[in-house]
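Note sheet for the following structure.
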Amino acid sequence: MSLYNDAESILITKEMIADRVRELGAELSRQYRDKNPLMICVLKGSVVFFSDLIRAMDIPLEIEFMAISSYGNSIRSSGEVKVVKDTDKSLENRHVILVEDIIDTGLTLSYIKNMLERRAPASLKICALLDKPDRLQVDIEADYVGFKIPNKFVIGYGLDYAQKYRNMPDVCVLNPKIYNRQP
Ligand code: PRP
């Protein structure tokens, strides 16, 4: 059975994503030329966007991974953010770009940003594929945004519901029947 059967609609097609990722990659390449940026992927949701984004950049850069857990299997943010895996490298004096798949309430990003700022990077910018302004609970903004989206539960291109759908190439709206279903 296709994963797409659980989707209500396709919100952002893989072609739209590819175009926007190319633009973001070009912009970051221009702004970070000769800065050897340290790109941090926030697992797991960002991994698909991250791997496309770094390949859309044609400058020297380094990559690092962090794992944060905030949602569990629920669709609502618990507000509780846990660092499951930290970066291996020091951020001191580095130009850091934090790459996120989605800013929903902003709680995760706000927590990570504060934590990383204390590590004395030369600069710290945020690049998020998706931004859901209607849900924002804290005063935080990404420096680079792929798409602003409405307040719908989205899956695909790295984003999950209960760990499923991350491998769908498009960003889709999950059919509410799926998360309203009784266990
Ligand atoms: C998602 C997403 C962001 C966060 C955004 O991560 O990747 O990190 O939620 O939500 P917020 O703005 O309300 O804090 P999740 O904890 O679902 O983990 P995942 O990346 O492994 O799917």
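Before moving on, here are some points about what is shown:
- Each stretch of four or more DSSP H residues adds -39500 (n - 2.57); spread over every residue of the chain, this sum gives -7000 deg cm²/dmol at 222 nm.
- When the C-alpha to C-alpha distance is required to be over 22 Å, the pairs from Lys113/Lys164; Lys148/Lys177; Lys14/Lys82; Lys85/Lys152; Lys14/Lys132; Lys14/Lys44 that qualify are Lys113/Lys164; Lys148/Lys177; Lys14/Lys82; Lys85/Lys152.
- Cα-based helix-to-principal-axis angle, 107-117 vs the chain, degrees rounded to 10: 10 degrees
- Helix 14-31 vs. the chain, principal-axis angle (Cα, 0 to 90°, nearest 10): 20 degrees
- With semi-axes defined as the square roots of five times the eigenvalues of the C-alpha gyration tensor, the equivalent ellipsoid of the chain measures 28, 19, 14 Å, largest first.
- Overall shape: oblate for region 20-65, with the ratio a/c of the largest to smallest alpha carbon gyration tensor axis at 1.5 or above and b/c at least equal to a/b.
- Rounded if a/c under 1.5, otherwise prolate or oblate - region 100-149, Cα gyration tensor axes: oblate
- Full extension of the chain between Ala18 and Val84 yields a length gain of 20.8 nm, computed as 0.36 nm times the residue separation minus the alpha carbon distance.
- Relative contact order (%) - the chain, alpha-carbon pairs under 8 angstrom, separation at least six: 25 percent
All of the numbers you see were taken from the coordinates with simple rules; none came from a lab. Fair warning: this is a prediction, and the values are worked out from it, not measured in the lab.
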